[in-house]
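Undergrad: This structure is in structure tokens; I'll ask about it shortly.
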Amino acid sequence: MQTNLLCKETNAKSIKMSDEIDHPQLCLWLKAVSENRNKQAFTHLFNFFAPKIIRIARSKFPNEAQANEVVQETMSNVWRKAHLFNQDKGAATTWVYTVMRNVTFDMLRKVKANKEDNLSDDIWPIAEGLVSDDDAYEDHLETENLKAVIDNLPESQREVVKGFYFMEMTQEQLAEKLNLPLGTIKSRLRLALAKLKVKLGENHD
Amino acid sequence: MIKHHPTFELLQSFVNGDLPASLSAGIAIHADMCQECQRQISQLTDQIAEANFEFEANFLDRFIIDEEKDLDEIATIDFDDMIAGITASDEIEVLKEKEDKFISFNDTNYKLPDALHNMVLGKPAQIGKLSRSRIQLDEDEIHSSLLHIKPGGGVPEHTHKGFELTLLLDGSFEDEQGTYVKGDFIMLNSEHQHHPVSEHGCLCYTVANDALHFTKGINKLLNPIGSFIY
Ligand SMILES: [Zn+2]
């Protein structure tokens, strides 16, 4: 898991929703913007995110100029707030998404309620960001241990276990997502659990 | 211990930014007090972010081939111009330290939840053991308030035509279903009928999209004040 040294990947990554997104690369660009005000890195980020943000904004705002404003605002915030991105707390996509969501929320309030109170940063504080996974689990050591054991499972079993336990997907949802028969999901899960039991049992002794 | 949480669907809409400010604030305040919901929100944000940007990547590919008209619209932005404009500024965001804010009811100071820091609070109005301060969010039929109940006070038995969110910020109250404590997120719809009473007093954040409707005997006379409370 070499990439984890560079940047925490999003949970979703592990179940292959995102083979096309190069998370460590996005993190490096963000870092270059934050540490060196690197315009080249920002241009890469812009080219990756801006077209997607436009499409998303167009679904929320009927007006083209407003959608363009979401891009302008979101990417300005990325430029100005890159140092607030904490790669230990989440993926770059997650962070940019929250920036975009907040910009959109404030703009929609401006359009609908005619209010310019910019409440989004109080409701979703960007700086504090999300709780890290470590805070979220009660027993930190136990979780680390479990993660290590899971990471050692064969790929086919690992994605099923992660989807089932960490993303709380049902076996049916996993079958659909991974495009596998339900029986295969069940047997992979069973195999993986048997292994986990042995491994965790060993570690406890 | 907190027993009442927002539904999964509400958390999802919250993360998407699809809820009105009033309900979004309610969920943010609850999540500040509830580790479990905080964890769910964090996971959901990861997934939704991923899905949004991933989906868009695929979608865009398809649509570029299909619809030239839309392509023209996208081309109306000069990306290079925008990038140059943004990076011309050296400004970076400096975080201001958050100062705690307080609100006073019945000679007690309560810390105002962070999510409400920049909302405008109306002057508290009082009826009997109830005081409420309207929150000026201008969300049409949705009304948000801080509602304070003095010890022994309560809201007469009522139903609501829409929804009613009560989020306990401090203290506790009881109704037919049991006792509610600080952090409980209680979402009721028009099927529910209840009669909350607070033995020791409490402060709630409330959001409702319609006036209360009192259902019993003499209390029916109170219907005009239904709109006062929520
Ligand atoms: Zn909760």
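The values are calculated or read from the model by the stated rules, or taken from the named source; none is laboratory data. In this text, all values refer to a predicted model and were calculated from it rather than measured experimentally. As a convention, Cβ positions derive from the backbone with ideal geometry for all residues, glycine included, and neighbour counts pool all protein chains shown.
Undergrad: From the list A:104, A:93, exactly one residue is in contact (Cβ under 8 Å) with a residue 60 or more places away in the chain and facing chain B (nearest Cβ under 7 Å). Which is it? Full working, then the answer.
TA: Numbers: A:104 fails: in contact (Cβ under 8 Å) with a residue 60 or more places away in the chain.
Going through A:104, A:93 in turn, the sole match is A:93.
Undergrad: I'd like the residue in the stretch A:93-116 that is out of contact with any helix residue (DSSP H, G or I) (no Cβ under 7 Å at 6 or more places or on another chain) and outside any helix (DSSP H, G or I) and, out of all such residues, is surrounded by the fewest Cβ atoms within 10 Å (Cβ to Cβ).
TA: For the stretch A:93-116, the residue satisfying everything is A:114.
Undergrad: Something else now. Would you call residue B:27 at pLDDT 90 or above and outside the structural domain of residue B:182 (by TED's automatic domain parsing)? Walk me through it before giving the result.
TA: Working: at pLDDT 90 or above: yes; outside the structural domain of residue B:182 (by TED's automatic domain parsing): yes.
When the stated conditions are applied, residue B:27 passes them.
Undergrad: Could you please give the count of residues in the stretch B:133-173 that are over 25 Å from residue A:111 (Cα atoms) and in contact with a Pro (Cβ under 7 Å, 6 or more places away or on another chain)?
TA: 5
Undergrad: I want to confirm something. Restricting to the stretch B:100-134 and keeping residues that are among the charged types (D, E, K, R) and in a strand (DSSP E or B), which single residue is modelled with the lowest pLDDT?
TA: First pass over the stretch B:100-134, keeping only residues among the charged types (D, E, K, R): B:100-101, B:107, B:111, B:114, B:123, B:129, B:132, B:134.
Among the residues that remain, those that are also in a strand (DSSP E or B) are: B:111, B:132, B:134.
Details: B:111: 94, B:132: 89, B:134: 93.
Across the stretch B:100-134, the extreme among qualifying residues is B:132.
Undergrad: Please give the strands (runs of 3 or more DSSP E) falling wholly within the stretch B:135-174 in which 2 or more residues are under 15 Å from residue B:108 (Cβ atoms). Even if it seems obvious, please write down each step before you answer.
TA: Details: elements: B:142-149, B:158-160, B:164-171.
Passing ranges, in order: B:142-149, B:164-171.
Undergrad: For the subset of the stretch B:11-36 comprising residues that are hydrophobic (A, V, I, L, M, F, W, C) and farther than 18 Å from residue B:204 by Cβ, which member is farthest from the ligand (Cβ to nearest atom)? Let's see the steps before the verdict.
TA: Residues of the stretch B:11-36 that are hydrophobic (A, V, I, L, M, F, W, C), as a first pass: B:11, B:14-15, B:19, B:21, B:23, B:25, B:27-29, B:31, B:33-34.
Those still in the list that are farther than 18 Å from residue B:204 by Cβ too: B:11, B:14-15, B:19.
Numbers: B:11: 9, B:14: 12, B:15: 14, B:19: 16 Å.
Out of the qualifying residues, it is B:19.
Undergrad: Another question, then. Taking the stated definitions as given, is residue B:205 crowded, with 16+ Cβ neighbours inside 10 Å, within 14 Å of another protein chain (Cβ to nearest Cβ), within 16 Å of the ligand (Cβ to nearest atom) and at pLDDT 55 or above? Even if it seems obvious, please write down each step before you answer.
TA: Values: crowded, with 16+ Cβ neighbours inside 10 Å: yes; within 14 Å of another protein chain (Cβ to nearest Cβ): yes; within 16 Å of the ligand (Cβ to nearest atom): yes; at pLDDT 55 or above: yes.
In short, yes.
Undergrad: Then there's this: Taking the stretch B:144-169, which residues are under 22 Å from residue A:119 (Cβ atoms) and in contact with a strand residue (DSSP E or B) (Cβ under 6 Å, 6 or more places away or on another chain)?
TA: Answer for the stretch B:144-169, where residues must be under 22 Å from residue A:119 (Cβ atoms) and in contact with a strand residue (DSSP E or B) (Cβ under 6 Å, 6 or more places away or on another chain): B:144, B:145, B:146, B:147, B:164, B:165, B:166, B:167, B:168, B:169.
Undergrad: Still on this structure, please answer the following. Scanning for something of a type in the set (Val, Ile, Thr), modelled with pLDDT of 90 or more and either assigned by TED's automatic domain parsing to the domain that holds residue A:75 or more than 21 Å from residue B:17 (Cβ to Cβ) (or both), does the stretch A:15-22 turn up at least one residue?
TA: no
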